[in-house]
């Protein structure tokens, strides 16, 4: 796929427009290093325009009925379906992910999420009326927060745009989304599809800019009522600090270091296949990816051998090749970052069982890195502690259930985990004690629109997807009505005595 410079890489008030920062960035195909398009970048003035557009649109959109919002969202899902091939090819080109992944996972998942929130928009319910005090009827309203400023990452540009935008607008908010400046293309198409489906201008806005300019301006803007951020924990701290300074609501989905715990009674073949799939999906650039295999000592050697064999059969290649299993990392900088983690572990005495090298031959011109399995790295190594965000799996043995749980929780993160066992009682205990927002049993990675996604600890707070996300994007109002019709309420005597004539 090649594009020429289009009519701007920002979408404000229902119109594509060029950024006015005077800066640009080359959007590069990471498989080849070729420039796909040069994107103009937004600056503070563009962010201000987008927020103003969202603020104006909020007056109308927040007053629509749930049924009216649902109608637009369901039409939006249909519009995305019509653009599915375009979205998949664009997503693969700008990120490097295989077309098989974008067309069978990213795009269908985003369409399903849009349709889900079309239904969920009609289920924004508060508490039923009731005379809880005896003299009053109370009820609870769920109301939109206002203008939401959202920042999305580069690993799943389309899906993360959907996760940010959909619950916000389904609840009656308007939004300004800042995608990663190196992968903005499908986010803009996503917004254009919304307009084609009948979304009023200004409800969904996109600004393509750098974090220190567009991002910080957005999360600090006086007219932004809520900030939602997905990305690294380090940047998340900065976003939270800026947002809290203005007493804005904050929603954070941050890093992960998911444990993959294999007990002695596990189906070894299933665990091996599950580990390779979960470690290598999206070239390991997934915050829920399996990164730490914690395997019972009796199975550890066979697990390592099985994973190494399966990783060795993975096919690296161009995104559009149907036989490609693993594409490049999103950029050469990311490839070098992953390589540095592995090189450091190797220098510290860890064993690189397979992989551990950048792609060679025809792949050398792209940001490819071989599927990598490492053993012998200690709990102080960066492979154990840090989010590597690449096709790297570290495997360590354990002896007891208590030790496995302690190792799984030995991380500042708590986004996802999986447990591999045939023992239902063990699975119930371990999933209860692992500190993570999502725990799979005998699988790792699947997500569905109906269920929430979000973390514990330094993986952030708040939920994406599901009806639970609507709680983050709404504010609760208690309305209380007197039912007695009396001028002098009983509680008034706590303030003044009744001095009326007898």
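The values are calculated or read from the model by the stated rules, or taken from the named source; none is laboratory data. Worth saying up front: this structure is predicted, and the values here are computed from it rather than measured. Using ideal geometry, Cβ is built from the backbone for each residue, glycine included, and neighbour counts are taken over all protein chains shown.
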- Return a yes/no flag: does segment 4-25 have any residue that is over 17 Å from residue 193 (Cβ atoms), in contact (Cβ under 8 Å) with a residue 24 or more places away in the chain, over 27 Å from the mean Cα position of the chain (by Cα) and surrounded by fewer than 15 Cβ atoms within 10 Å (Cβ to Cβ). yes
- Note on the structure: Those residues of segment 94-131 which are modelled with pLDDT of 95 or more and in contact with a strand residue (DSSP E or B) (Cβ under 6 Å, 6 or more places away or on another chain) amount to 94
- Item | So residue 120, is it buried (at least 19 other Cβ atoms within 10 Å of the Cβ), within 25 Å of residue 255 (Cβ to Cβ) and touching a residue at least 24 places away in the same chain (Cβ under 8 Å) | no
- Item | Single residue of 258, 271 found to be crowded, with 24+ Cβ neighbours inside 10 Å, in contact with a helix residue (DSSP H, G or I) (Cβ under 7 Å, 6 or more places away or on another chain) and at pLDDT 95 or above | 271
- Task: Return yes when residue 218 is crowded, with 24+ Cβ neighbours inside 10 Å, in the same structural domain as residue 66 (by TED's automatic domain parsing), modelled with pLDDT of 95 or more and not in a strand (DSSP E or B) and no when it is not.
- Result: yes
- Task: Among the numbered conditions (1) under 24 Å from the mean Cα position of the chain (by Cα); (2) buried (at least 18 other Cβ atoms within 10 Å of the Cβ); (3) under 26 Å from residue 121 (Cβ atoms), tell me where residue 58 comes up short.
- Result: (1)
- Message: Condition check: surrounded by fewer than 24 Cβ atoms within 10 Å (Cβ to Cβ) and either in a strand (DSSP E or B) or touching a helix residue (DSSP H, G or I) at 6+ places or on another chain (Cβ under 9 Å) (or both). Does residue 132 satisfy that?
- Response: no
